[in-house]
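**Student:** To start, I am sharing the structure in question, which I have written as structure tokens.
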Amino acid sequence: MSELKKVATEKAPAAIGPYSQAIICGDLVFTSGQIGIDPTCGEITGKTIEQQTEQVMQNLQAVLAEAGTSMEQAVKTTCFLADIADFAAFNGIYGKYFTSKPARSCVAAKALPKGALVEVEVIAKL
């Protein structure tokens, strides 16, 4: 049985609850959902879906790097949008970061933490 290893970096927002930024299990890393919190101030600073998505991607890159992997090794993402009408704008930013085109689910959520417009979680290979 694989040992579980917690991943933590100051280059991404600290967990705002009883969870880890990511967990490594075997040769996979499972990130917690990231919202557009700027880790330097602890708040969502972007007002648009594009700004928040950029911050989400930077946060995910930092967590994955700390785990020893990258966006290119993503095998599955799950994406939550506060408004499905933002799908095209979100997709434009998402596509710049996930060029390997991992499997993906994308759904509208009634509400996201801290009033976020977007949240994304990743499963990636180490």
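**Student:** Give the aspartates and glutamates reachable from Lys76 as a straight Cα distance under 15 Å; neighbours fewer than 8 places away on the same chain don't count.
**Tutor:** Asp27, Glu119, Glu121
**Student:** Relative to the longest principal axis of the C-alpha atoms of the chain, give the angle of the C-alpha long axis of helix 49-67, reported between 0 and 90° and rounded to the nearest 10°.
**Tutor:** 10 degrees
**Student:** Below 8 Å between Cα atoms, with a sequence gap of 6+, how large is the relative contact order for segment 4-125 in percent?
**Tutor:** With pairs under 8 Å counted, the relative contact order is 31 percent.
**Student:** For helix 87-97, what angle does its Cα long axis make with the longest principal axis of the chain, in degrees from 0 to 90 and rounded to 10?
**Tutor:** Around 40 degrees separate the two axes.
**Student:** Moving to a separate point now. Can you tell me which of Val75, Val107, Val29 moves the most in a GNM of the chain? Springs connect C-alpha atoms under 10 Å apart.
**Tutor:** Sorting by GNM fluctuation, first place goes to Val107.
Bear in mind these aren't lab numbers, they're just calculated from the coordinates by the rules spelled out. Computed from a predicted structure; not experimentally measured.
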